[in-house]
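Here's the structure we're looking at; comments come further down.
The values are calculated or read from the model by the stated rules, or taken from the named source; none is laboratory data. Quantities reported herein were computed from a predicted structural model and do not represent experimental measurements. Every residue, glycine as well, gets a Cβ built from its backbone with ideal geometry; the counts of neighbours run over all protein chains shown. For the accessible areas, the whole protein counts, side chains as well, though only heavy atoms, and no ligand, DNA or RNA atoms are used. Shrake-Rupley method; radii C 1.70, N 1.55, O 1.52, S 1.80 Å.
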Amino acid sequence: MPVSAAETELHGVATLLAERRVELTAHLVVQFGERIPELPRDPTLVDLLNGSAGSNLETLAHLLHGHVPVDEIQAPAAAVEYARRLAQRGTPPSALLRAYRLGQQLILRWANDEIARRVADPALALQTSHLLTETSFQYVDAVSEDVMSAYQTERERWLANRSAVQRETVEALVRGDRLDLAATETALGYRLRQHHLGLVLWTAGAETGLADSERLLARLGQRLGAAGHPLFVPRDRDTAWAWLPIGRSAEVDTAAIAEVLASDADGIRVAIGTPEAGEPGFRATHLGAAAAHGVVQLGQLDAPVVSYAEPSVRAAAMLAGDLGATRRMVARTLGDLAHDTDAAARMRETLLAFVEDRESYVATAARLHLHKNTVKYRVDRAIEARGKPIGEERLDLELALVACRWLGPEVLRAGAGVG
């Protein structure tokens, strides 16, 4: 077939692309680093990114020159290797796809500038530009599919191999076994000599899975300013243990975690421990997160995030340790207020807030967004249902209300109760 004028001009662009490949590769790598923060910045991965970008430009030049048919295009070996390394690092696949879209945008901009400079005829320049755009989209579509397939395959293999070693090592740490610190850090791919935040992540819907939980963990790490890569250890098809490396702050912004879950994590729930330091802290923060997770599971709650740092959660976790004794304490302390009804639940919620707010009707009304008279009515009815004044067995009263709030059906009595 004779070559069209547009194809001839495109061949000239391809020749120039091949000649300036090193320069253009360096430009792309700089832009990726500035505009895709999720891509690793360490020298080894940057070298691999250079190889990936350069080999993609070389292959694209061959395609634009007509040396390779479109239907025979495959991702260059360097590009596949870079995708595999990103999978091993747990880099979000969206970052890899964004690099291809950004790379295409930048190269099209450069190539169209060259076409405008080289081709005097506007109609021919437009034809050449259209041909360039169509060919580049075909290239990116074929190659991105190859690299994403390589990413997914490597991610599954990497997780399967690492997860067995990591799980065994993590279980030993949680048991408190004495382990060689350097060997343990190597096995985990995670530093123990730092501050940690332990998390338990689990899925509450059929549309989400462990891969979604792992991506959520990365987003949480970014939002909380994590000091390095998190540790993610699957436990079963729905649940994972995780640790985030954090700074020395003793506080974690639970509201920020809730915001991330609300915007990016439909169907994923998170329990968090308290920040702790070093190898003992690795265990302690996990135990707190696991206890908070246990409270939510026992109480059959659907809270997106629950924190062991909340005093009532810690109290509920201890009360869950002996459910028989807790049930008896709830029944003895609350009387008819311990029945599992909506009316009793409203009164218990109001009475607990009232007790926590130092028996202030105004403060309780503000907290629960109720009128002060509504608070007084519910508190009076709660005291009546209980059969005792607030001051009698005050500590047991507060613990019983906390148990009902968090453990729900596990400690409440069935029946009509108060109406």
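Out of curiosity, is Leu45 surrounded by fewer than 20 Cβ atoms within 10 Å (Cβ to Cβ), among the hydrophobic types (A, V, I, L, M, F, W, C) and within 30 Å of Leu231 (Cβ to Cβ)? Break it down into steps so the answer makes sense when it comes.
Working: surrounded by fewer than 20 Cβ atoms within 10 Å (Cβ to Cβ): yes; among the hydrophobic types (A, V, I, L, M, F, W, C): yes; within 30 Å of Leu231 (Cβ to Cβ): yes.
Considered against the rule, which asks whether it is surrounded by fewer than 20 Cβ atoms within 10 Å (Cβ to Cβ), among the hydrophobic types (A, V, I, L, M, F, W, C) and within 30 Å of Leu231 (Cβ to Cβ), Leu45 comes out as yes.
Of the numbered criteria (1) at pLDDT 90 or above; (2) crowded, with 20+ Cβ neighbours inside 10 Å, the one Leu337 fails is (1). Screening Leu407 on (1) within 20 Å of Gln300 (Cβ to Cβ); (2) open to solvent by 20 Å² or more (accessible area, probe 1.4 Å) shows it passes everything except condition (2).
For the stretch 183-205, the set of residues classified as open to solvent by 40 Å² or more (accessible area, probe 1.4 Å) and without any contact (Cβ under 8 Å) to a residue 40 or more places away in the chain consists of Ala183, Thr186, listed by residue number.
Looking at Val70, Val80, Val119, can you tell me which residue is farther than 21 Å from Val22 by Cα, β-branched (Val, Ile, Thr) and surrounded by 15 or more Cβ atoms within 10 Å (Cβ to Cβ)? Give the steps one after another, and end with the answer.
Details: Val70 fails: surrounded by 15 or more Cβ atoms within 10 Å (Cβ to Cβ); Val80 fails: farther than 21 Å from Val22 by Cα.
Step by step, each of Val70, Val80, Val119 is checked, and only Val119 is farther than 21 Å from Val22 by Cα, β-branched (Val, Ile, Thr) and surrounded by 15 or more Cβ atoms within 10 Å (Cβ to Cβ).
Do we have any residue at all in the stretch 1-23 that's under 28 Å from Glu154 (Cα atoms) and out of contact with any His (no Cβ under 8 Å at 6 or more places or on another chain)? Outline the logic, then answer.
Applying the first criterion (under 28 Å from Glu154 (Cα atoms)) to the stretch 1-23 yields none.
No, there is no match, as no residue in the stretch 1-23 is under 28 Å from Glu154 (Cα atoms) and out of contact with any His (no Cβ under 8 Å at 6 or more places or on another chain).
Of the residues examined, Asp238 is not one that is in contact with a Gly (Cβ under 9 Å, 6 or more places away or on another chain), farther than 19 Å from Ala290 by Cα and among the acidic types (Asp, Glu).
Could you please let me know if Phe282 is hydrophobic (A, V, I, L, M, F, W, C) and in a helix (DSSP H, G or I)?
For Phe282, the condition - hydrophobic (A, V, I, L, M, F, W, C) and in a helix (DSSP H, G or I) - is met.
Can you name the residue in the stretch 297-322 that is without any contact (Cβ under 8 Å) to a residue 60 or more places away in the chain and of a type in the set (A, V, I, L, M, F, W, C) and, of all such residues, is nearest to Val252 (Cα to Cα)? Spell out the reasoning first.
So the first thing to find is which residues in the stretch 297-322 are without any contact (Cβ under 8 Å) to a residue 60 or more places away in the chain, and the list is 297, 303-311, 314, 317-318, 321-322.
Narrowing the set further to residues that are of a type in the set (A, V, I, L, M, F, W, C) leaves 303, 305-306, 309, 317-318.
Working: Ala303: 17, Val305: 12, Val306: 12, Ala309: 9, Ala317: 20, Met318: 22 Å.
Restricting to residues being without any contact (Cβ under 8 Å) to a residue 60 or more places away in the chain and of a type in the set (A, V, I, L, M, F, W, C), the top hit is Ala309.
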